[in-house]
Structure formats: structure tokens, C-alpha cells
1. Given axes a ≥ b ≥ c from the Cα gyration tensor, I'd like to know whether the chain is rounded (a/c under 1.5), prolate (a/b larger than b/c) or oblate.
2. Starting at the first residue of segment 245-250, write each ³J(HN,Hα) from the Karplus equation 6.51 cos²θ - 1.76 cosθ + 1.60 with θ = phi - 60°, in whole Hz, x for Gly and Pro.
3. Which of rounded, prolate or oblate describes segment 227-268 when judged by the alpha-carbon gyration tensor and an a/c cut-off of 1.5?
4. Within straight cross-link reach of LYS366, meaning Cα distance under 28 Å, which lysines are found once same-chain residues fewer than 8 apart are removed?
5. In whole percent, what relative contact order does segment 210-314 give with Cα contacts below 8 Å and a gap of six or more residues?
6. In terms of the Cα gyration tensor, with a ≥ b ≥ c the square roots of its eigenvalues, is segment 136-257 rounded because a/c is under 1.5, prolate because a/b exceeds b/c, or oblate?
7. Could you let me know the centre-to-centre spacing of segment 318-357 and segment 382-398, using Cα atoms, in angstrom?
8. Identify, among VAL281, THR26, VAL115, the residue whose Cα sits farthest towards the positive end of the charge dipole of the chain, taking +1 on the Cβ of Lys and Arg and -1 on the Cβ of Asp and Glu, with the dipole about the Cα centre.
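Derivation of every value follows stated rules applied to the coordinates shown; laboratory data play no part. These numbers come from a predicted model, not from an experiment. Here the Cβ positions follow ideal geometry from the backbone for every residue, glycine too, while neighbour counts run over all protein chains shown.
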Amino acid sequence: MNVLVVGSGAREHALAWRISESPLVTRVFVAPGNAGTSHVATNLDVSATDLPALVDAARAHDVGLVVVGPEAPLVAGLVDALQAAGIATFGPSRDAARLEGSKIFSKDFMSRHGVPTADYAAFDDAAAAETWIRSRAHAPVVKADGLAAGKGVVVAHDHAEAIAAVRACLVERAFGDAGARVLLEDRLPGEEVSYHVVSDGTRYVALAAAQDHKRLGDGDTGPNTGGMGAYSPPPVVTPEIEARILREIVEPTLDGMRAEGSPFRGALFCGLMIDAGVPRVLEYNVRFGDPECEVLMARWDGDVVPLLLGSARGDLSGVSARFANGAAMAVVLAAHGYPVSVRKGDAITGLDRVPDGARVFHAGTKRSGERIVTDGGRVLTVCAGGATLADAQRLAYAGADAIAFDGKQLRRDIGWRALGRGH
């Protein structure tokens with residue numbers, strides 16, 4: 001069977017790597033891919049958001065399974081288009097992808113189905129939103145309703161910052177149609193966790209928990225990013241808490257989507273806050289997280305294709321999660337200026353000096369003659385597994401330190417909640 005992975009990030013590189021190892025797979029294609037995916041697959045010069053061209057590419061290359069990585073094509077309806085062409089596709093339908101595509105839909109859905117989350121309100125009028133903000137004892141989190149390339153969320157420190165964020169969306173239209181409505185929600189206390197399951201619309205397979213590091217700087221300082229690193233498993237998710245996550249969040253979500261006529265297939269990513277043993281939902285994503293996917297794939301044992309194919313075909317019976325490494329860690333190397341003003345074109349060296357056992361997943365890279373150069377904000381993700389999290393951390397940082405490019409940024413404290421602030 002030929003498999004097509006859609007996307008260009010480290011998440012897609014990690015998926016293509018694992019898929020390429022499957023005895024069920026003949027060839028792997030990635031559209032559009034990056035400089036690293038070309039080592040495990042054939043890159044196709046097709047945009048991840050060009051739905052007709054992706055359908056044509058899948059047909060032309062006799063693809064039996066498409067795995068969609070990023071959220072934008074899912075929200076646009078890529079899965080529907082591919083399935084209409086008779087091609088099995090891993091990911092949710094356009095209707096089911098509203099769990100990520102509209103934050104207001106998502107919160108209203110949680111309210112309808114009793115999924116624990118923060119108090120909230122939605123507005124399309126700036127004056128009404130400002131009145132609600134001033135009525136709260138603490139400044140709320142402000143979120144653009146639609147997809148805003150990871151830039152539509154402001155965790156406000158005070159009421160004035162929250163009001164400014166609302167005005168940016170509703171008055172200045174900083175995010176266009178994605179910010180035509182805003183979601184305001186109370187800030188939840190606790191420790192943030194990423195929890196993934198893969199569903200076929202009825203059944204699900206629970207994967208391991210992970211913890212992302214969103215802030216640019218050590219000690220969770222600096223601006224928010226797409227993620228500067230992750231590790232799995234986080235100690236905060238005890239067996240008892242995991243049971244609550246499945247019982248109180250995952251199962252009501254999947255049951256609710258099915259009851260509303262949009263059964264969920266694909267990877268459901270529950271972004272959670274754990275406080276005093278109680279999990280609550282910050283947000284849903286309808287695909288694997290990045291860099292969480294990298295650590296999940298680093299820990300995965302055996303063939304991942306039955307999981308992806310079973311979900312796409314609506315039959316996960318007999319499929320279970322298989323994890324070998326006790327832990328895994330991913331460290332992101334970001335470009336000069338990220339996340340504000342990214343510089344591109346810096347030559348990357350040292351990829352051939354990464355120690356055995358560490359694996360480099362490319363994201364913002366491209367080939368320029370004989371060189372590989374930076375071509376995006378998050379450039380590379382260095383990932384390693386180990387018997388313990390400390391083992392994985394040592395190896396991941398050894399790999400990260402072997403690589404050089406001008407302006408390289410990385411955090412030195414990935415895993416600090418579990419292991420302490422140093423590495």
C-alpha cells in the first residue's frame with residue numbers, strides 16, 4: 001500500500017518515518033514535505049491546503065491511505081474530499097473538525113455534553129465584550145474564534161490587555177474572519193497536559209499523555225510559541241487521573257459528536273489543565289500535536305499503520321497502543337527572531353554529528369544547493385527515547401547541541417516539571 005502524509009512540519013516527518021517502517025507500506029509520499037522528509041519518503045510539490053491537487057496526487061500515486069497532519073486542511077474539508085474519491089483518510093470530517101476550527105462551537109459543545117471546562121462568553125461586539133471583561137474579578141483569556149496560525153490567543157495579565165486583545169480582533173480585524181468573533185474564558189489554574197486518543201467514530205485507542213512547553217524561554221518566560229519541546233509521560237497524569245480524563249472528557253466528547261451526527265475519526269487531542277487531581281479542557285485539537293507527536297512516535301513500539309488505517313476505515317477493533325521506551329523528549333530548535341519576525345536562509349550544520357539514538361525531525365528547512373537552510377520559525381525537533389526521562393533528556397540535548405545555525409534558539413529546561421530546571 002502507498003501512503004500519503006499531508007503537511008510539512010516535524011509532526012509529519014515523525015509520522016512519515018514511522019509509517020515508512022511498516023511492512024504494510026510500499027511507498028510513502030509527503031505533500032509538500034521538507035528537507036528531512038525526503039530521507040524517508042518522496043516529497044510532492046503540492047500545498048497542504050490545495051484540496052483538489054491533493055486528491056489528484058493521491059489518485060496519481062495509487063495511494064491507499066492519506067494521513068493528514070495539520071489542522072487547516074482538516075477544517076477546510078480535505079477528508080471529505082478524499083473519502084468522496086474513495087480514498088481512506090486518517091482525520092476527521094469537516095463537520096467534526098469544528099472542534100478545533102471554531103473555539104466557540106467547541107465551548108458550546110462542551111457545555112451541551114457536560115465536559116468540564118472554564119466559564120466563558122462569546123462576542124462579536126467589542127463594547128459588549130469589554131463590559132463582560134470589566135465584570136470579571138480576573139482578566140480572562142481572549143481567543144479568536146477561528147484558526148489564526150497559533151497567534152489568536154492572549155493570556156491577559158490584566159483587564160487592559162484583555163480589552164486590547166478584543167479590539168485587535170473585533171475592531172482592527174488583526175486576524176480577519178478568524179477573529180470576527182471572540183471567545184472570552186476564565187483562566188484555569190493547574191498544570192497543562194496534552195492527551196491524545198485515536199478514534200474510529202465509535203471506539204478509541206488511548207495514547208500516552210505528554211506535556212508541551214509553549215513559552216519561548218526557560219522557566220516558561222517570553223512569548224507563546226507553537227511549542228518549544230515536549231516529553232512523555234508527565235508524572236502529573238497518574239493512573240487515577242488518566243481514568244478520569246477518559247471517563248469525564250474523552251468518552252463524553254466522542255459520544256457527543258456521534259449523537260450530533262458528526263462521529264469523530266482521527267486523532268483527538270485534548271489540551272487539559274490538571275488542578276488538584278481534576279482535569280478540565282482548555283481546548284480541543286483535531287490532529288496530533290506538534291511536538292507531542294514526535295515524542296509519541298519515539299515511544300511507539302511496532303507498526304503504527306494498523307492504528308491509522310483502522311481509524312480511517314472506521315474499525316479499530318483489535319488495535320491497541322504499543323509503547324516501548326519508558327520516556328521520550330523532544331527539543332525544538334527555532335530560527336532567529338521566532339516567533340515574531342523569522343529570519344530564513346541560515347545554513348544548518350552538524351546534522352551528521354547527532355549521536356546515535358537521537359533522531360532529528362525537520363520542520364522549517366529546505367535544500368539550497370548542497371546545503372540545508374532554515375525556512376521557517378521552528379526549524380528542527382531533536383527527539384530521543386530512553387528507559388527514563390533523564391536518559392531521554394541527556395540524549396535529546398546532546399543531539400540539539402551537535403547542530404548549529406546562526407540565531408539558533410532553544411530552551412534548556414524541557415521536562416523541568418518532572419526533572420528540575422536544569423538539563
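1. Details: a/c = 1.36, a/b = 1.18, b/c = 1.16.
Rounded.
2. Here the 3J(HN,Hα) series is 4, 5, 6, 9, 10, 5 Hz.
3. Values: a/c = 4.19, a/b = 1.63, b/c = 2.57.
Here segment 227-268 falls in the oblate category.
4. LYS151, LYS214, LYS344, LYS408
5. 24
6. On the way: a/c = 2.05, a/b = 1.55, b/c = 1.32.
Prolate, since a/c reaches 1.5 and a/b exceeds b/c.
7. Using only Cα atoms to place each centre, the spacing works out to 12 Å.
8. Of the options given, the answer is THR26.
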